[in-house]
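Heads up, the thing below is written out as structure tokens.
Nothing in this text is a laboratory measurement; each read-out follows from the coordinates by a stated rule. Values in this document were obtained by computation on a predicted structure and should not be read as measured data. Neighbour counts are summed over all protein chains in view; Cβ atoms, including those assigned to glycine, are modelled from backbone coordinates with ideal geometry.
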Amino acid sequence: MKIVSVAVSKKKGTRKKIVDEAILVQDHGIEGDAHAGPWHRQVSFLAAESIENARSQGLEVTFGDFAENIATSGIDWQKIPLGTQLRLGDHVRVEVTQIGKECHTRCAIYYKAGDCIMPKEGIFARVLEGGKIRPGDIIAIEGES
């Protein structure tokens, strides 16, 4: 299980821009990201396999297009229970707080991509321990070896 891409945006409801690395701040989220703050959805995750599946259905999408902060490989997010703690890289620790979300309106992502998979397949977490992450970092479920 690993991080495939990291992305941030200045505004909510928009595609995110891919970055080489990001700083996660305890009880806040990703430094410089519009979704960071004192709430339960500080960081969003989406499986790279979900993005690839959307691509295979004809959508012209890539990492960051669904407003996910972190795209991952090797994790079935639908099988990760709420409250699960994950280690990202060497130092960052997050706790899964929400699986999926309700979209009240069709955002810019829906209109540009033709669909949005975050409400069904994305997960959200809060930052327990901050630090730096980058693509290629390993993800581990705390308590598992």
Neighbourhood net charge (15 Å Cβ-Cβ; Lys/Arg +1, Asp/Glu -1) for R93: -4
Longest exposed-site-free window of the chain, the sites being GluC sites (Glu not before Pro) in a DSSP loop that have at most 16 other C-beta atoms within 10 Å: 61-101
Phi to ³J(HN,Hα) by Karplus 6.51 cos²θ - 1.76 cosθ + 1.60 over region 82-90, Hz, x for Gly, Pro: 4, x, 5, 9, 10, 9, 10, x, 7
Of P81, G37, A47, farthest towards positive along the dipole that unit charges on Lys, Arg, Asp, Glu beta carbons give region 2-141: G37
222 nm mean residue ellipticity, helices alone, for the chain (DSSP H n ≥ 4; -39,500 (n - 2.57); rounded to 500): -3000 deg cm²/dmol
Separation of alpha-carbon centers, region 49-65 and region 18-46, rounded to whole Å: 22
Cα-projected label distance for R134 with Q26, points at 7 Å along beta-carbon direction, nm: 2.4
Simple Cβ-charge dipole of the chain, Lys/Arg +1 and Asp/Glu -1, about Cα centre, in debye nearest 20: 520
Residues with amide H under 5 Å from that of Q98, placed H, sequence gap 5 or more: F124
